[in-house]
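**Q** Structure incoming, see below.
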Amino acid sequence: MSEKNLEQRLLALSPENPMGGAGSALTGSVLRRTSLQNTPGAMVGASRGEGLHGFKKSVCAIGAFDGVHTGHRALIERARVEARERGDELVVVTFSPDPSVVLTPGRPQRLLLSDGDRLDILRSIAGVDRVVVLDFTPELAALPYERFVRETLGRLVDLDAIVVGSDFRLGAGGAGTVGSLAELGRIDGFDVIGMELLDEGGAPVTATRIRALLGEGRVEAAAGLLGRCHYVTGEVVRGRGEGTGFGFPTANVRVPSALRLPAEGVYAGYVTHGDTAWPAAVNVGKPRSFSPGEEGAPFLEATLLGFEGDLYGAVVGVSFVRWLREPRSFSSIEELERVVLGNVSWVRATLGERGIALRGEASS
């Protein structure tokens with residue numbers, strides 16, 4: 001889903017907004033900062049690694065930003081403040097595909113957001129002037145960090161400062177640490193700010209930590225670190241339609257294998273299409289039907305409340321609000337029906353039974 005105000009939409013679907021706004025519960029420790037006399041230069045700027053020459057200096061927040069979680073938001077906010085104090089533009093520099101696809105092709109990370117959703121959220125953050133997307137290729141991965149800064153980044157921006165996470169690594173062999181970048185900055189005339197991103201308990205906020213929580217089905221804890229409910233997008237395809245047989249429309253959603261789904265089980269959540277989000281009981285896993293030995297391929301099936309119509313072929317978003325139950329097999333169609341109706345009753349009592357108009361009044 002590619003929507004201009006995606007972040008606001010996702011926050012609207014987080015009933016308790018566990019963080020009170022993204023980044024509100026984070027502390028950002030400046031680990032290293034170099035104060036330098038800046039070296040002027042004429043660089044270029046763009047949205048996809050290409051562009052025209054510009055004249056305004058830039059503060060660059062650099063990272064993969066998978067999930068655009070509260071740690072990322074705190075880092076970008078630190079860069080925004082730095083840019084404002086310097087009178088610079090704020091440029092977010094990120095990569096596509098995710099670096100893990102190139103660096104560990106046999107075991108790439110399951111992503112928290114699709115490329116399109118990640119970039120939509122980055123562009124929507126207040127104070128961000130530009131988002132630069134660099135193609136992460138084996139050639140770029142093998143480039144020494146000095147050449148990356150001077151050649152790749154140097155032709156895109158007139159660099160004044162870099163803001164990165166404390167564990168950031170750049171260039172061949174990951175040699176471009178905060179410390180080595182700071183040394184390069186002393187030579188070339190730019191500042192480096194490294195931030196340690198912690199939650200209120202002092203634990204690092206990382207995409208890896210969020211993935212682990214999702215793998216345990218702890219979607220509410222994950223939402224606390226994301227600053228919103230976990231969200232995936234996919235295409236609605238024809239499936240088993242069990243909920244339809246019980247009087248409720250269902251959406252069988254084919255989610256790209258690159259995205260991180262929560263653990264198998266049933267969740268309360270929302271299905272979003274266009275400007276409306278419908279409460280839903282969302283089943284993640286393999287269809288067990290009535291025999292544990294007849295499990296099929298992984299799937300995501302949502303039973304929608306308050307929806308009428310046909311979503312086949314549509315791209316929808318699915319948000320995970322709360323865990324309901326573990327996956328199970330059923331001894332009969334009657335038992336399955338009782339469980340499905342129980343899931344729907346819980347969703348109705350907690351999230352309502354009408355679609356939420358994300359711009360306007362609730363739909364009938």
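**Q** If each residue's Cβ is checked for other Cβ atoms within 10 Å, how do Ser180, Ser257, Ser58 rank with the fewest at the top? Before the final figure, lay out the partial values.
**A** Details: Ser180 17, Ser257 9, Ser58 27.
Going from sparsest to densest Cβ surroundings: Ser257, Ser180, Ser58.
**Q** Still on this structure, please answer the following. Could you please rank Val321, Val236, placing first whichever residue has the fewest other Cβ atoms within 10 Å of its Cβ?
**A** Values: Val321 24, Val236 20.
Result, fewest neighbours first: Val236, Val321.
**Q** I've got another one for you. Give me Arg338, Arg322 sorted ascending by neighbouring Cβ count inside 10 Å, so fewest comes first.
**A** Fewest-to-most Cβ neighbours within 10 Å comes out as Arg338, Arg322.
**Q** For the ranges 62-75, 186-199, 203-216, what's the packing order if you count other beta-carbon atoms within 10 Å of each residue, average per peptide, and put the highest first? Walk me through the numbers before you get to the answer.
**A** Working: 62-75: 25.8, 186-199: 19.5, 203-216: 17.4.
The packing order, highest mean first, is 62-75, 186-199, 203-216.
**Q** Counting Lys and Arg as +1 and Asp and Glu as -1, what is the net charge of the other residues whose Cβ lies under 11 Å from the Cβ of Pro144?
**A** Working: positive: Arg147, Arg150; negative: Glu146, Glu151.
Combined, the nearby Lys, Arg, Asp and Glu give 0.
**Q** Please give the contour-minus-distance gain from Ile333 to Glu183: 0.36 nm per residue of separation, less the Cα-Cα distance, rounded to one decimal in nm.
**A** Details: separation 150, 0.36 × 150 = 54.00 nm, distance 6.75 nm.
That pair, Ile333 and Glu183, stretches by 47.3 nm at full extension.
**Q** Specify whether the C-alpha gyration tensor of the stretch 108-260 places it in the rounded, prolate or oblate class, a ≥ b ≥ c being the square roots of the eigenvalues: rounded for a/c under 1.5, otherwise prolate if a/b is larger than b/c and oblate if not.
**A** Prolate, since a/c reaches 1.5 and a/b exceeds b/c.
Only the coordinates and a few stated rules stand behind these numbers; no lab work does. Everything quoted here is computed from the prediction, not taken from an experiment. Note that each Cβ is placed from the backbone with ideal geometry, even for glycine, and that neighbours are counted across all protein chains shown.
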